[in-house]
1. Looking at the square roots a ≥ b ≥ c of the eigenvalues of the Cα gyration tensor of the stretch 1-65, which shape do they give, rounded for a/c under 1.5, prolate if a/b is larger than b/c, or oblate?
2. If you roll a 1.4 Å probe over the stretch 567-610 with all protein chains in place, what percent of the accessible area is carbon or sulfur?
3. Identify, among Ala15, Val31, Val57, the residue whose Cα sits farthest towards the positive end of the charge dipole of the stretch 1-60, taking +1 on the Cβ of Lys and Arg and -1 on the Cβ of Asp and Glu, with the dipole about the Cα centre.
4. If contacts are Cα pairs under 8 angstrom and at least 6 residues apart, what is the relative contact order of the stretch 1-143 in percent?
5. Any idea how far the Cα center of the stretch 1-54 sits from the one of the stretch 132-180, in Å?
6. Which of rounded, prolate or oblate describes the stretch 29-100 when judged by the alpha-carbon gyration tensor and an a/c cut-off of 1.5?
7. Based on the inverse mean of 1/r over its pairs of different Cα atoms, what is the Kirkwood hydrodynamic radius of the stretch 342-467, in Å?
8. Might you tell me the accessible area per residue for the stretch 1-63, computed with a 1.4 Å probe and given in Å²?
Amino acid sequence: MNANKTYTKLRIFVASPKDVAAERKRLHEVVDELNRTGNLADELGLTLEVFDWQTHVTPLMGRPEERILQQLAIHTWDIFVGILWLRFGTPTGGIDPQTGKPYDSGTEEEFSLAYDAWKKNGRPKILFYRCTRLPVSLDDIDPDQHKRIKAFFTQFDADATHPGLYQPFQTTEEFERHVRQDLTKQLFDYGKDVLKKEPPPPVKEVEMPKDEITQHYLNFVRREHGRIKLFGFLSHANIDVRLLDVFVSLRFSEYWHEMEMKRLPTPEERDDLALTPPEVLERAIQKQESLLILGGPGSGKTTLLKYFAVCCLDPEGREQIHLKKPLIPIFVPLRQIDPTKPFTESLADWARANNQKIISENFEAWLQQPGALMLLDGLDEVSDLQTRRQICDWIDKATPVYGTSTFVVTCRFTGYREAEGVSLQSPHLRANVIDLNPEQQHTFLRQWFRAALLESLEEHETSESVRLQEIEYEAVAQAKAIMEFLSKEENRSLRDMASIPVLLQIMAIVWKEQGSLSGERVELYSRCIDYLLDYRDKMKKIEPLMSAAKARLVLRPLALWMQNDWQKDEAPRVNIEKQIATTLRVVRPGTQPIEFLENVRDRAGVLVGSGADTYTFQHKSFREFLAALEIANQHLVDLLIENFGSEWFSGCRWRKSGNGQRVEEEENIRGGMMNPMTPTQTTERK
């Protein structure tokens, strides 16, 4: 704690019987952690104090509960924390003035008084936790105590005496995670005055620094993010183009709209509520909050941050994204950050790793004046869950300190795990990426073909207006041809895939190389799945769990099982684990089925979670394609004949003879790993 700083004290009253002593102890540890110098409470000018009768009450004569409440007066409580498990407690001798009945325990009396005070004055804020783990022995359960606890929590119902929410937990560690998250939110709530950012002085416009270090860094940003490669996999179509030439504006739904509706909006409602990137950034800045962008795999989150970074570099770009003043763009992949270090020290380490001679003091100066646009990419790419939580805390601590800067964080939906403590607690606006609509798809394709065709020009042709006009016409024609192809009913599965920017780009590449998509679906699906399984991570220098070829060996029989035996789009996790366990032991010994499933869900996005512990393929056509490869591998001609005319198998037949070379390559991999084969494995292959 800084001796020269003025602090506001927030007092926490904790109420609980003796059977949750471990949780009480953990609460004290969390408070001590938040109070440490440099941590959140300290940064906000706040300090937390836990009121505990064991340490704060003098043992005087009289009714014990009355002596406690006299010395720890209710009007001094800012936060009330209640914890219950197996014991409710013993009667205190006090009478509830509302009902005229005796209180059944000290916890009940303390909660009742806190609740009445909250209704009258809005404080203390009440946080209640219920432990749901089983005791070591059933003898530890007192039927009378259990009955009282059950009756108490029934009163949290909407039509009961004290409606509200309580947080269930199983382990002490889970309690710690929840109470840390909840106290952090309370700190930000109480610290609103600290978080208020002063508007820039109107006397003169803030300018971008002109010093050599800043200019050198901005040139680095321009080189690093001003151009992107439009990949072509094994083809010649690796095209290096200006980002601003191909960027297509995404659309966002603001999360609070969906919560307000208490359901997911329809596509039409999403269109009505949709915000553009400049609009969603402007809202976050106006609210003086961070911006959290969530989206699926390949939805364009990283490209969006690169677009923001490039737009910061000149007045025209800043106008495009509605920035009222210059901000230094700082684009950082979160997987390259060490959250155990102070904010600017971590940034300096990242800069050094990228050959930039920028020290902590430089970042400190930029974040304060003129301010920075902190573009923090890929929270989900931080593989370790504990480190991901630390990253969130690292961001939360920085946002109130650097009030002239705006923070933007991206993450996949599956990587933002609020129930597991992976979430931002500092004030933020959450925006969900919406899939591309047909208009956006057409714009993307036209710009992509234009960029690709311009890249193929000879140097002397770049100044010929007639040739440039021809390219414009051709780009429009190619985009129109693909959109017309996708609009046909028989191409509905491809049309669904086209709503994802990265898959639409793969379609454009295949069309450019092959002149069509109708006869090249095997190639298209093969490239899409390979890109999702490992190519994208390799481009980001993230080591995949296994190669795409090995992952296919696991997914192919799973897809065939879902297609032929299960015959439903969704399957329970336990069933899927059984199906992949044998192949997985061979393909990557030591990898647990759940590890593989979470990887192809969270990193690759080939599978998606579709409910409580159920999985489905992200696109039905992915399942059909992989099932078709396995049918070809096992030569299951009879299976296709038996299901001829079946709508369920309609997506598999046209792929039967396709991509034989890929199947053979994958089987060679399997053969190498399984050699010599056991009799069981030989039987399974047959």
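The values are calculated or read from the model by the stated rules, or taken from the named source; none is laboratory data. In this text, all values refer to a predicted model and were calculated from it rather than measured experimentally. Every residue, glycine as well, gets a Cβ built from its backbone with ideal geometry; the counts of neighbours run over all protein chains shown. Protein only, heavy atoms only, side chains kept; ligands, DNA and RNA dropped before computing areas. Shrake-Rupley method; radii C 1.70, N 1.55, O 1.52, S 1.80 Å.
1. Details: a/c = 3.46, a/b = 1.78, b/c = 1.95.
It is oblate, given that a/c is not under 1.5 and a/b is not larger than b/c.
2. Values: 900 of 2040 Å².
Reported share for carbon and sulfur atoms: 44 percent.
3. Positive-most Cα among the choices belongs to Val57.
4. Values: 208 pairs, mean separation 37.0, N = 143.
Reported relative contact order: 26 percent.
5. 23
6. In terms of gyration-tensor shape, prolate.
7. On the way: mean 1/r = 0.0552 Å⁻¹.
About 18.1 Å, per the Kirkwood formula over Cα pairs.
8. On the way: 3380 Å² over 63 residues.
With the other protein chains kept in place, the stretch 1-63 gives 54 Å² per residue.
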